[in-house]
Amino acid sequence: MDLKALIREIPDFPKPGILFKDITTLLGNPQGLKYTIDTFAEKCADLAPDYIVGMESRGFIFGAPLAYKMGVGFIPVRKPGKLPAAIYSVEYQLEYGTDCLEIHQDALHSSSRILIVDDLIATGGTAGATARLIQQTGCELVGCAFVIELKDLNGRQQLPDVPIITLVEY
């Protein structure tokens, strides 16, 4: 399936000069969404994660159904103030500024194998910050999976040396 044909490009969003990759058109296509989750499950099977970790908010969209498909747990990584129990947190650089991510301290057991899932890797700030959160939990990061990779932004450089799976590259 040609996933690129299902991803709409929006010029000058969220600011001039950015060509935004809009996944809402992929999400609205039942065959495209099924293909995306099924392909992730197939490509990630050998990584044998115990949990999928998805970042707010588009990582939830792909991470939760992938966890279901693979028969593993799903753990959300949230923005500040959204998680009610004790948290680990990390501040990181975005393409357009800084932000912070949090995970519950009791969400994972230190022997767990973790797969990070998100819609897109650009500069790698969000995924890199999430990898640092996983390190704080003492878990093993076994890989990262993204629907889209913007290759020219070199986001992989922000990630640890683990398998990185992408379905579409620009």
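When the helix-only estimate is applied to the chain (DSSP H runs of n ≥ 4, each -39,500 (n - 2.57), divided by the residue count), what is the mean residue ellipticity at 222 nm, nearest 500 deg cm²/dmol?
-8000 deg cm²/dmol
At 7 Å along the Cα-to-beta-carbon direction for both ALA45 and ALA5, put a label point, then send me their distance in nm to one decimal.
Distance between label points: 2.6 nm.
Step by step: find N for the range 1-148, compute 2.2 N^0.38 Å, then divide the Cα radius of gyration by it. What's the final number?
1.05
Looking only at the chain, where both bridge partners belong to it, what percent of the DSSP beta bridges are antiparallel (to the nearest 5)?
35 percent
Using alpha carbons only, how many angstrom separate the centre of the range 1-29 from the centre of the range 64-88?
The range 1-29 and the range 64-88 have Cα centres separated by 25 Å.
Can you give the net charge of the other residues whose Cβ lies under 14 Å from the Cβ of VAL77, counting K and R as +1 and D and E as -1?
Numbers: positive: ARG58, ARG78, LYS79, LYS82, ARG132; negative: GLU56, GLU91, ASP99, GLU102, ASP118, ASP119.
Around VAL77, the charge tally is -1.
For the range 117-170, report the % of Cα-Cα distances exceeding 15 Å.
Beyond 15 Å sits 39 percent of the P(r) for the range 117-170.
Once you order the gyration tensor axes a ≥ b ≥ c over the Cα atoms, which shape class does the range 17-94 get: rounded for a/c under 1.5, otherwise prolate or oblate by comparing a/b with b/c?
Values: a/c = 2.08, a/b = 1.18, b/c = 1.76.
Cα axes put the range 17-94 in the oblate bin.
Grab the other residues whose beta carbon is less than 13 angstrom from that of THR137, score K and R as +1, D and E as -1, and report the net.
For residues surrounding THR137, the net value is -2.
What relative contact order, as a whole-number percentage, does the range 27-170 give when Cα pairs under 8 Å and 6 or more residues apart are counted?
Computed value for the range 27-170: 22 percent relative contact order.
Using a Cα distance threshold of under 21 Å, what count of lysine pairs results for the chain when pairs must be 8 or more residues apart or interchain?
So the count works out to 11.
Ranked highest first by the average count of other Cβ atoms within 10 Å around their residues, in what order do 84-92, 7-15 fall?
Working: 84-92: 13.8, 7-15: 11.6.
The peptides rank, most packed first, as 84-92, 7-15.
Net charge near TYR35: determine it from the other residues with C-beta under 11 Å of the C-beta of TYR35, scoring Lys and Arg +1 and Asp and Glu -1.
That sum, taken over residues with Cβ under 11 Å, equals -2.
Using a 1.4 Å probe over the heavy atoms of the protein chains, calculate the carbon and sulfur portion of the accessible area of the chain as a whole percent. All intermediate terms of the calculation are to be shown ahead of the outcome.
Numbers: 4130 of 8350 Å².
Here it works out to 49 percent.
What spacing in nm lies between the two simple spin-label points modelled at HIS109 and GLN135, each 7 Å away from Cα in the Cβ direction?
The modelled label-to-label distance comes out at 2.5 nm.
What's the center-to-center distance, using Cα atoms, between the range 41-57 and the range 115-151 in Å?
First find each Cα centre; the distance between them is then 11 Å.
Kindly report the accessible area of the range 7-66 per residue (heavy atoms of protein chains, probe 1.4 Å, no ligands, DNA or RNA), in Å².
Dividing the accessible area of the range 7-66 by its residue count gives 51 Å².
Find the relative contact order for the range 3-100 and round it to a whole percent, using C-alpha pairs within less than 8 Å whose residues are 6+ positions apart. Write out the running numbers ahead of the final one.
Numbers: 104 pairs, mean separation 16.2, N = 98.
Relative CO of the range 3-100 lands at 17 percent.
Out of all DSSP beta bridges in the range 11-99, what portion is antiparallel? Express it as a percent rounded to 5.
Given both bridge residues lie in the range 11-99, the antiparallel proportion sits at roughly 45 percent.
Using a ≥ b ≥ c from the Cα gyration tensor of the range 65-170 (square roots of the eigenvalues), is it rounded, prolate or oblate, where a/c under 1.5 gives rounded and otherwise the larger of a/b and b/c decides, a/b for prolate?
Details: a/c = 1.76, a/b = 1.23, b/c = 1.43.
In terms of gyration-tensor shape, oblate.
The values are calculated or read from the model by the stated rules, or taken from the named source; none is laboratory data. Source: prediction; values computed, not measured. Ideal geometry is used to build each Cβ from the backbone, glycine not excepted, and the neighbour counts take in all protein chains shown. Protein only, heavy atoms only, side chains kept; ligands, DNA and RNA dropped before computing areas. Shrake-Rupley method; radii C 1.70, N 1.55, O 1.52, S 1.80 Å.
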